[in-house]
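The structure under discussion appears below in the form of structure tokens.
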Amino acid sequence: MAAAAGMLLVLTVMVMTTMPAVLLFSQLAEAGDPSYSCGPAGGSPSDGGLHAFCNRSLTAAERASDLVARLTVAEKVAQLGDQADGVPRLGVPPYKWWSEALHGLSIWGHGMHFDGIVRSVTCFPQVLLTAASFDDNLWLRIGQAIGVEARALYNLGQAEGLTIWSPNVNIFRDPRWGRGQETPGEDPATASRYAVAFVRGLQGSSPAALQTSACCKHATAYDLEDWNGAVRYNFNAKVTAQDLADTYNPPFKSCVADAKATCIMCAYTRLNGVPVCASSDLLTKTVRDEWGLQGYVCSDCDAVANMRDYTPSPEDTVAVAIKAGLDLDCGNYTQVHGMAAIQQGKMTEKDVDKAVTNLFTVRMRLGHFDGDPRNNGVYGHLGAADVCTQAHKDLALEAARDGIVLLKTTPASSRSTGRRSTACEFAATGQAVALASSSDHVILFMGLSQKQEQEGLDRTSLLLPGMQQSLITAVASAAKRPVILVLLTGGPVDITFAKNNPKIGGIMWAGYPGQAGGLAIAKVLFGEHNPSGRLPVTWYPEEFTKGNPVYKFGYGLSYSNFSRRLVSGTNPGLPNTSLLAGLTAKPTADGGATYHVDEIGAEGCEQLKFPAVVEVQNHGPMDGKHSVLMFVRWPNATAGVSRPARQLVGFQSQHVKAGENVRVRFEPSLELTPAIFASRFLKKLENLTRSSSKSQNIRMKLSVYSQDFEKFHRCDVDDTPRGENKDTMNTICITIADALCSARGR
């Protein structure tokens with residue numbers, strides 16, 4: 001969709017807005033000193049170093065327990081809010097827990113300050129655009145860059161905390177959700193992979209100390225702000241156990257179990273009538289006990305106070321939350337009413353001890369009780385020179401460039417380049433039409449802003465706001481050549497009219513692209529970069545519960561022609577199908593056979609697994625990245641069994657030179673497939689399957705799809721959940737599909 005050679009007039013009809021929470025440019029001022037406890041002697045500054053909580057040879061949990069044991073009840077309660085009081089007699093400074101960093105350190109929250117030697121930080125694209133790259137290495141590097149800048153600010157005395165309440169890994173299920181732009185999209189597998197990469201980057205790779213503490217939010221089933229009288233503060237999300245397991249919880253589980261995130265934030269939402277921040281089933285049994293959280297649970301801001309209509313009194317509210325597994329309130333409700341809750345017997349001091357110990361354990365791991373952080377052997381060297389570095393600026397450009405999604409292109413507008421001049425102004429439709437009719441080329445920048453979508457504000461329509469649609473149509477009709485439409489939006493929009501209009505030759509989605517967005521868009525427009533982004537959300541029509549999508553999840557075009565094929569018989573070799581000899585085979589209508597997984601056994605199933613390998617060829621004319629998405633298809637999804645028709649189980653982003661062939665190896669993440677959850681929770685989930693018999697067959701199809709979702713290779717496999725024993729259900733032998741396909745010569 002590169003612009004043709006010759007003079008170019010860019011018609012700008014809407015100002016692009018990035019998230020207001022992030023500052024863009026670096027300036028200099030006076031530096032400060034960071035706060036900390038425990039001097040070089042290993043003790044607190046006030047007592048010469050006698051306290052065990054300053055002893056670095058002890059574990060973080062042991063040190064935290066020692067500190068908590070030295071606190072009075074009032075001092076403990078004072079730690080339960082996001083602005084925690086200091087304890088001067090022990091040399092413990094105040095601490096501010098709330099900092100934000102969805103796509104760069106933010107002015108929201110209380111923990112970060114931009115009033116010293118560093119006045120601003122790197123602003124990366126909003127998360128949904130970054131997710132469109134389907135590149136978890138990119139996501140990791142963004143997390144690393146943000147973590148480095150956070151540590152640098154802390155060392156400079158411009159941060160009163162290193163606990164970052166990011167990422168947002170909620171599932172963007174409703175396209176009207178105002179905060180969907182903050183998330184990695186609608187798909188649980190994508191959100192899970194994003195969560196793992198970003199958290200690992202943010203927290204750092206040192207086993208000795210956390211770079212920062214990452215907090216995955218907002219658990220769970222949260223995708224509504226304020227719509228048609230329903231508001232997030234008291235919305236009751238009615239969600240089945242299966243939908244929690246298949247859709248909403250996987251990203252949070254990945255945060256904790258795989259990325260080792262040190263915090264989970266509970267949402268405002270009520271889950272089947274119970275406030276999430278009062279749910280011991282979620283906060284304790286699931287997040288801490290099942291997933292293994294080694295960290296703290298915090299509430300969304302004022303979520304505890306918003307529970308006051310759920311309990312008889314403020315003291316009951318605080319007690320219910322703390323006893324359910326909440327450790328920290330974003331707000332001061334627990335600090336204000338905590339002492340009274342103890343005095344009235346609503347909760348005990350031990351309940352508070354548990355919460356405060358979790359909090360101080362994280363602070364120990366951050367090095368807040370290891371003396372001057374500038375002496376830290378891993379992070380102490382970081383300072384102003386590590387903020388807004390050229391490498392970080394280049395990364396912001398790469399992220400914006402690789403996330404841009406080409407939605408429509410024509411041969412006339414695809415790959416030619418040339419010099420251009422730009423003239424940008426606001427114009428009424430009549431003026432815009434006159435200007436377009438006299439211009440050689442027209443590019444329209446349209447879309448949304450934070451006035452239509454943001455925290456606290458959902459959209460009521462998927463159409464472009466105001467007169468944009470009529471203006472685009474009028475300008476396209478008047479222009480000498482097909483126009484190019486650049487969309488700057490967080491969430492999806494219904495642009496069916498533009499997709500079907502031959503006078504609109506190219507459409508590009510650039511999200512909210514951050515500080516390097518303008519340059520990234522120009523590089524794609526003028527053919528200096530080959531677009532490779534894919535939509536991380538479905539773009540629905542205005543009546544999104546009816547009709548076909550405007551663009552499907554995963555859609556994205558390129559300036560090159562790529563082809564893909566599933567390679568059979570690739571090293572490390574075919575599975576040992578002799579393992580199936582002697583087992584009971586059930587013939588299928590297409591000449592294949594199915595086997596009971598119980599008969600194969602866990603060890604046999606593991607031996608039958610082998611990776612799927614996809615060969616990708618770039619037929620040119622440009623080098624470029626290409627993302628291959630692998631799905632599991634469930635042909636019987638509508639046959640009375642509740643599961644998606646198609647589910648993403650893997651993706652890989654690969655740079656391929658023009659004329660080059662590369663092979664991409666997949667090892668699908670089976671943990672996310674509904675069949676796994678069906679088997680693990682067979683007793684609990686009513687109506688999940690038509691029968692609880694362990695012999696019920698689940699028929700799957702493993703497919704790799706091209707960007708237009710036309711399958712080029714598909715094989716079938718019948719598989720059987722192992723019934724009611726969740727400990728033996730470790731895998732579903734998904735890759736038997738290729739073994740059987742190879743055996744049948746298909």
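So here's what we get for this one:
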read-out	value
Carbon plus sulfur fraction of accessible area for segment 168-310, probe 1.4 Å, in percent	46 percent
Karplus-derived 3J(HN,Hα), 6.51/-1.76/1.60, for each residue of segment 544-553, Hz, glycine and proline x	6, 8, 10, x, 8, x, 5, 9, 7, 3
Under the Karplus curve 6.51 cos²θ - 1.76 cosθ + 1.60, θ = phi - 60°, whole-Hz ³J(HN,Hα) for segment 180-188, x wherever Gly or Pro sits	x, 4, 7, 9, x, x, 8, 9, x
Packing-based order for 616-628, 486-498, using average beta carbon neighbours within 10 Å, highest first	486-498, 616-628
Rounded accessible area per residue of segment 78-170, 1.4 Å, Å²	22 Å²
Computed P(r) (all Cα pairs; segment 338-417; 10 Å bins; percent)	13, 18, 18, 17, 16, 13, 5, 2
Arg56, Arg193, reordered so the largest accessible area comes first (probe 1.4 Å)	Arg56, Arg193
Peptides ranked, highest mean first, by Cβ atoms within 10 Å: ranges 131-140, 444-453, 61-70	131-140, 444-453, 61-70
Surface share of carbon and sulfur [accessible, 1.4 angstrom probe, percent] for segment 461-526	61 percent
Segment 328-394, accessible surface, carbon-and-sulfur percent (1.4 angstrom probe)	48 percent
Accessible area per residue in Å² at 1.4 Å probe, computed on segment 201-314	35 Å²
Surface per residue (accessible, 1.4 Å probe) for segment 443-568, Å²	34 Å²
Relative contact order (%) - criterion: Cα under 8 Å, at least six apart; region: segment 168-260	39 percent
Filter on Lys523/Lys657; Lys238/Lys546; Lys238/Lys346; Lys451/Lys499; Lys503/Lys625; Lys253/Lys393 - keep pairs with C-alpha separation over 20 Å	Lys238/Lys546; Lys238/Lys346; Lys451/Lys499; Lys503/Lys625; Lys253/Lys393
Volume of the Cα convex hull of segment 425-552, divided per residue and given in Å³	127 Å³
D_trans [Stokes-Einstein, Kirkwood Rh over alpha-carbon pairs] for segment 216-257, 10 °C, 1.306 mPa s, µm² s⁻¹	140 µm²/s
Rounded to 5, the percent of DSSP beta bridges in segment 164-312 classed as antiparallel	25 percent
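The values are calculated or read from the model by the stated rules, or taken from the named source; none is laboratory data. Computed from a predicted model, the values in this text were never measured in an experiment. Backbone-built Cβ (ideal geometry, glycine too); neighbour counts: all protein chains shown. To get the accessible areas, we keep the full protein, side chains included, count just its heavy atoms, and leave off ligands, DNA and RNA. Shrake-Rupley method; radii C 1.70, N 1.55, O 1.52, S 1.80 Å.
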